[in-house]
Amino acid sequence: MPSAQYSNRIVWADWIKVILITLVVVGHMGSSLIPVIYTFHIPAFFFVSGYLSNYEKPFSHLLKSSLALALAILIWNVIFVACNVPDSMKGADWHKIWLFTRNSLIKTFWCYYPTSKWGHGMLCQMWFVWVLIIIRLAGGVMAKRGLWVKLGVMLACAVYAGAMYHSDARTWFYLDRSMCAMPFFLAGMMTREAKIDVERISSLRNMAITAVATAAGIAMTLMTYDKSVDMFHFRLGDNAALYYITAAAGTALCIMTCTKLPRARVVEVLSNGTLLILAVHPWIYQYLDEYFAFDETRITEALIIMTLCLPAVYIADKWCPILLGKIKHKKKR
């Protein structure tokens, strides 16, 4: 019997989170599958994040959970800065050590300058979490709004992202990415609010239709001049509209597939630790890559990394949930 902590979980949501974080790991290792993975995996992550967002509780709870995510990013950056400072301790140049530490932490919060000067902290992959914080807070403002308001915001954000992309104009790094991701997050939130039975609509017929639409979208995307999509680098292929359509189809296909998978405790544990996995996987990969040679897909290596992260996620969830971006809930007496 599952414990109380896991008894009320949404099985397909756990599966899709684990599959998507695995694809993130695969993509960050330079996999040959990047052109396909990047067409949908980050949008799908934002969709499920919107679906799982709880706006029934007071807004103060949303602020606390967002603060927990921000604090988790800061802690992980401090950990990685501390792990890298000893390399420069030889010679004890404290001024350089201070500058390294200060610049790493400042860039963690800023990440991009409008003058096209790039900069980021040691964990640049945490951009996803910063964007998630922004759109979760924005979602809290819109949670009580009507359907047409939300649809209007989705369309406005998509048009903004497409216009900025095709004009080569740039604002703040996180603003561009937040506008690009907002339609997927709101779509997930609206799906939850509408109480759509995801498992019921996941018939084999619907899955087949969605698979064809996804394959067609990916094929058309790969035939564009850019031949790549990547929300981090603000690449939406040659057509922003096609990007959103393909990402939506890919997200739907992932969800439908995950509804067919059984409950598994290991998946539930890993689902809790997506932030931890996001933080540490480049470090693990760095050491694995020195001793092992894997195929170009990097899938086997990603599965090894996920397995190695499992004990850490379990321990952190029990003893230090802030490393997972979670607030420690008081036990009821």
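Values quoted throughout were computed directly from the atomic coordinates according to the rules given, and no laboratory measurement underlies them. Nothing here was measured: the structure is a model prediction, and the numbers come from that model. Here the Cβ is made from the backbone with ideal geometry for all residues, glycine too, and neighbour counts use every protein chain on show.
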Would you kindly calculate the mean projected area, averaged across all directions, of the convex hull enclosing the Cα atoms of region 224-317, in square nanometres?
8.2
Calculate one ³J(HN,Hα) per residue across region 38-52 by plugging θ = phi - 60° into the Karplus curve 6.51 cos²θ - 1.76 cosθ + 1.60, and present them in order as whole Hz with x for glycine and proline.
6, 6, 8, 5, 6, x, 5, 5, 5, 4, 5, 5, x, 5, 8
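Just add up the charged neighbours of residue 16: K/R +1, D/E -1, any other residue whose Cβ is under 13 Å from the Cβ of residue 16. Walk me through the numbers before you get to the answer.
On the way: positive: 9, 17, 260; negative: 14, 199, 268.
It works out to a net charge of 0.
Past 25 Å, Cα to Cα, is the threshold; run 64/260; 144/195; 195/318 against it and keep the listed order.
Numbers: 64/260 34 Å; 144/195 15 Å; 195/318 31 Å.
Distance filter (> 25 Å) returns 64/260; 195/318.
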Hey, can you grab everything whose amide H is under 5 Å from the amide H of residue 236? Only 5+ residues off in sequence or another chain; H modelled, so Pro and N-termini drop out.
230
Across 5 Å bins from the origin, how do the percents of Cα pairs in region 216-268 run, short distances first?
4, 19, 22, 17, 12, 10, 10, 6, 1
Using the scaling law 2.2 N^0.38 Å as the reference, what is the normalised Cα Rg of region 129-173?
1.32
Whole-Hz ³J(HN,Hα) for each residue in region 253-259, computed from phi via Karplus 6.51 cos²θ - 1.76 cosθ + 1.60 with θ = phi - 60°, x for glycine and proline: what do you get?
5, 4, 5, 4, 5, 5, 5
Calculate log10 I(q)/I(0) of region 4-324 for q = 0.07, 0.14, 0.16 Å⁻¹, where I(q) comes from the Debye formula with a single equal point scatterer on each Cα and nothing for solvent.
-0.28, -1.24, -1.65
³J(HN,Hα) across region 167-177 via Karplus (A = 6.51, B = -1.76, C = 1.60, θ = phi - 60°), whole Hz, x for Gly/Pro?
8, 6, 7, 9, 10, 6, 3, 6, 5, 4, 5
